[in-house]
């Protein structure tokens with residue numbers, strides 16, 4: 001009886017030691033970073049090929065190896081399609097042995113990749129998508145939401161425009177989770193600050209003709225026509241608003257999510273004076289400018305967008321977490337990422353229990369053509385929005401990691 005008990009005890013100890021050993025070191029004698037983004041569609045200028053370069057720069061700056069093993073970067077195009085994002089992420093994790101996926105510009109694509117990552121216990125760092133549910137109702141233990149979300153955009157742009165005295169709003173909204181969430185979050189801010197939403201209209205993603213939607217917005221007589229869309233849809237709607245004479249009229253076009261790449265595509269003439277919120281701006285600090293200048297030399301002179309800078313920072317901090325943890329085991333790396341503040345010169349903040357990276361965001365205003373000194377000098381910082389004001393309070397969170405209750 002004693003011998004049998006002793007044998008079981010030894011076997012249990014051996015099993016435990018094997019479990020500990022398997023959590024140490026690198027799973028495939030290398031660390032593989034996967035950049036999953038829109039490489040060819042309406043968000044390709046927002047993240048796209050620039051995100052792949054940003055990840056490569058982070059690997060180079062880290063030294064090219066971690067724990068004595070090489071670091072590899074691969075990429076895939078999800079074309080902003082949820083089903084393709086799910087299949088590509090599974091392929092990257094299972095076939096390519098990717099340890100972490102970064103990018104995912106488009107909320108439906110990000111949520112699809114997150115679901116796969118949760119099943120396989122691999123890490124996804126979302127840098128381009130914005131929907132609040134990523135770290136709220138749909139959160140999981142293997143996701144970090146890095147650059148901005150719809151809560152930050154609403155409390156940045158919408159609050160700033162309301163403060164200027166414009167109270168009546170009409171929404172032009174992309175008909176998918178991102179657009180719906182952005183309209184919802186902005187509406188909450190508008191109502192709380194004494195404004196009023198007088199109407200809204202939904203448009204399909206990748207719309208080419210906005211005339212009928214803009215006509216409804218124009219006839220509403222709202223002071224603000226708010227665009228709850230992004231990328232190519234934002235560019236298209238502003239272009240057509242300019243053609244219809246809305247830009248420069250008594251009605252103000254307010255893009256609730258706009259990027260420096262969008263401003264460059266549209267030109268300063270049609271965007272001058274517009275306010276928009278970003279999670280990072282290339283010309284805000286010396287450290288940002290230093291990184292941007294290095295990036296521009298390798299990217300046809302184009303300054304990085306906030307998601308592209310986010311890919312660089314996320315990749316760098318992920319590698320530092322592996323080094324500190326001594327393993328690429330996802331649970332150990334996530335624990336390390338959440339264990340201490342991030343301050344890499346570009347971003348400064350903390351990754352909370354819900355996976356949200358809490359940091360300052362910036363309310364920008366597009367410069368006039370006369371104010372601009374070069375093609376990348378397109379905006380000035382109107383306001384730094386503190387991290388605590390740019391992030392949903394944990395007391396209001398619906399994330400199971402915070403509440404312990406699955407919503």
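The values are calculated or read from the model by the stated rules, or taken from the named source; none is laboratory data. Quantities reported herein were computed from a predicted structural model and do not represent experimental measurements. We place every Cβ from the backbone using ideal geometry, glycine too, and count neighbours over all the protein chains shown.
For the stretch 8-18, state whether one or more residues are modelled with pLDDT under 95, surrounded by fewer than 19 Cβ atoms within 10 Å (Cβ to Cβ) and within 22 Å of the chain's Cα centre (by Cα). Quick ask: steps written out before the conclusion?
Looking only at the stretch 8-18, we keep the residues that are modelled with pLDDT under 95, and these are 8-18.
Still in the list and also surrounded by fewer than 19 Cβ atoms within 10 Å (Cβ to Cβ): 8-18.
Of the ones still in play, those that are also within 22 Å of the chain's Cα centre (by Cα) are none.
No, the conditions are met nowhere in the stretch 8-18.
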Members of the stretch 306-336 that are in contact with a helix residue (DSSP H, G or I) (Cβ under 6 Å, 6 or more places away or on another chain) and over 29 Å from residue 296 (Cα atoms): 324, 325, 328, 332, 333, 336
statement: Exactly one of 98, 124, 102, 116 is part of a helix (DSSP H, G or I), touching a helix residue (DSSP H, G or I) at 6+ places or on another chain (Cβ under 7 Å) and closer than 18 Å to residue 329 by Cα, and that residue is 116
query: Given the conditions (1) more than 20 Å from the chain's Cα centre (by Cα); (2) crowded, with 17+ Cβ neighbours inside 10 Å; (3) within 25 Å of residue 399 (Cα to Cα); (4) touching a residue at least 24 places away in the same chain (Cβ under 8 Å), which single one is not true for residue 347?
result: (1)
statement: Every listed condition ((1) in contact (Cβ under 8 Å) with a residue 24 or more places away in the chain; (2) touching a strand residue (DSSP E or B) at 6+ places or on another chain (Cβ under 6 Å)) holds for residue 338 save (1)
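From the list 80, 89, 85, 109, exactly one residue is in the same structural domain as residue 136 (by TED's automatic domain parsing), assigned to a loop (DSSP other than H, G, I, E, B) and either buried (at least 23 other Cβ atoms within 10 Å of the Cβ) or in contact (Cβ under 8 Å) with a residue 60 or more places away in the chain (or both). Which is it? Lay out the reasoning, then the answer.
Details: 89 fails: assigned to a loop (DSSP other than H, G, I, E, B); 85 fails: assigned to a loop (DSSP other than H, G, I, E, B); 109 fails: assigned to a loop (DSSP other than H, G, I, E, B).
Just one listed residue meets the conditions, 80.
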query: Within the stretch 190-212, restricting attention to residues that are over 16 Å from residue 154 (Cα atoms) and assigned to a loop (DSSP other than H, G, I, E, B), which residue is modelled with the lowest pLDDT?
result: 206
message: For the stretch 263-285, give me each residue that is over 23 Å from residue 200 (Cα atoms) and either within 23 Å of the chain's Cα centre (by Cα) or assigned by TED's automatic domain parsing to the domain that holds residue 59 (or both).
response: 263, 264, 265, 266, 278, 279, 280, 281, 282, 283, 284, 285
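Take the conditions crowded, with 20+ Cβ neighbours inside 10 Å and either modelled with pLDDT of 95 or more or under 30 Å from residue 99 (Cα atoms) (or both) and apply them to residue 145. Does it pass? Walk me through how you get there before you give the answer.
Working: crowded, with 20+ Cβ neighbours inside 10 Å: yes; either modelled with pLDDT of 95 or more or under 30 Å from residue 99 (Cα atoms) (or both): yes.
Yes, satisfied.
Which of the residues spanning the stretch 236-249 are surrounded by fewer than 22 Cβ atoms within 10 Å (Cβ to Cβ) and either part of a helix (DSSP H, G or I) or not assigned by TED's automatic domain parsing to the domain that holds residue 181 (or both)?
236, 239, 240, 242, 243 - these are the residues of the stretch 236-249 that are surrounded by fewer than 22 Cβ atoms within 10 Å (Cβ to Cβ) and either part of a helix (DSSP H, G or I) or not assigned by TED's automatic domain parsing to the domain that holds residue 181 (or both).
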- request: Quick one: residue 130 ticks every box in (1) at pLDDT 95 or above; (2) under 25 Å from residue 236 (Cα atoms); (3) in contact with a strand residue (DSSP E or B) (Cβ under 8 Å, 6 or more places away or on another chain) except a single one, so which number is it?
  value: (3)
query: Do we have any residue at all in the stretch 362-379 that's within 15 Å of the chain's Cα centre (by Cα) and under 30 Å from residue 271 (Cα atoms)?
result: yes
- prompt: Out of all the residues in the stretch 359-407, which are surrounded by 14 or more Cβ atoms within 10 Å (Cβ to Cβ), in a helix (DSSP H, G or I) and either in contact with a strand residue (DSSP E or B) (Cβ under 8 Å, 6 or more places away or on another chain) or at pLDDT below 95 (or both)?
  reply: 387, 390
task: Specify which of the listed residues (172, 227, 132) is assigned by TED's automatic domain parsing to the domain that holds residue 80 and buried (at least 19 other Cβ atoms within 10 Å of the Cβ).
output: 132
